[in-house]
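The values are calculated or read from the model by the stated rules, or taken from the named source; none is laboratory data. Values in this document were obtained by computation on a predicted structure and should not be read as measured data. Glycine also receives a Cβ, built like all others from the backbone with ideal geometry; neighbour counts cover every protein chain displayed. Ligands, DNA and RNA are excluded from the accessible area calculation, which covers all protein heavy atoms including side chains. Shrake-Rupley method; radii C 1.70, N 1.55, O 1.52, S 1.80 Å.
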Amino acid sequence: RAADLGLAPADVRRVVERVAAGCPVLGVRYRSDWSTGTRFETLRRLLGDGFIAVKLEGRGHATLTAERHPAAVTAVRDFLTARLLG
C-alpha cells in the first residue's frame, strides 16, 4: 500500500505516455511525512527523470496549505509557469 499511487492501471499508463512525450510530473513532500510511503520511489521507477521530486525539511503533510512551505509554493509556481507559459 505504501507504494500505491491510487491510480487505475490505465491512468498510470497514460501518465507514463505523457511523461515520455515531454510532460514531467512534480511531487512535493516533507521528508518526515510517513503518509507518503514509498510513492516517490514508485514514481521515480515509472517515470525516471520525468519525475521531479521536491523533498522539504521539516514536519508536516500539507505542503501547500496548512503546513505550507515557501519552497513548495515556489516549486509549484515555477513548474506551472514553465508548463503553461513555455
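Expressed in Å, the radius of gyration and Dmax of the Cα atoms of region 3-58 are 11.6, 35.
How much length is gained if the chain between A10 and V73 is pulled fully straight, taking 0.36 nm per residue apart and subtracting their Cα-Cα distance, in nm to one decimal?
Extra length available between A10 and V73 comes to 19.7 nm.
Accessible surface ranking for L64, L56, 1.4 angstrom probe, highest first: L64, L56. Screening the chain for DSSP H helices whose Cα atoms reach 20 Å or more along their own axis and whose mean Kyte hydropathy is at least -1.0 gives 70-85. Distance between the pseudo-spin-label points of T81 and I52 (7 Å out from Cα toward the beta carbon): 1.1 nm. Per atom type, the chain shows carbon and sulfur on 56% of its accessible surface, probed at 1.4 Å.
Solvent exposure of the chain, expressed per residue, is 69 Å² of accessible area, with all protein chains present and a 1.4 angstrom probe. Would you mind checking region 60-75 for residues with the amide N under 15 Å from a putative spin-label position 7 Å along Cα→C-beta of S32? Answer for this model: 60-63, 67-69.
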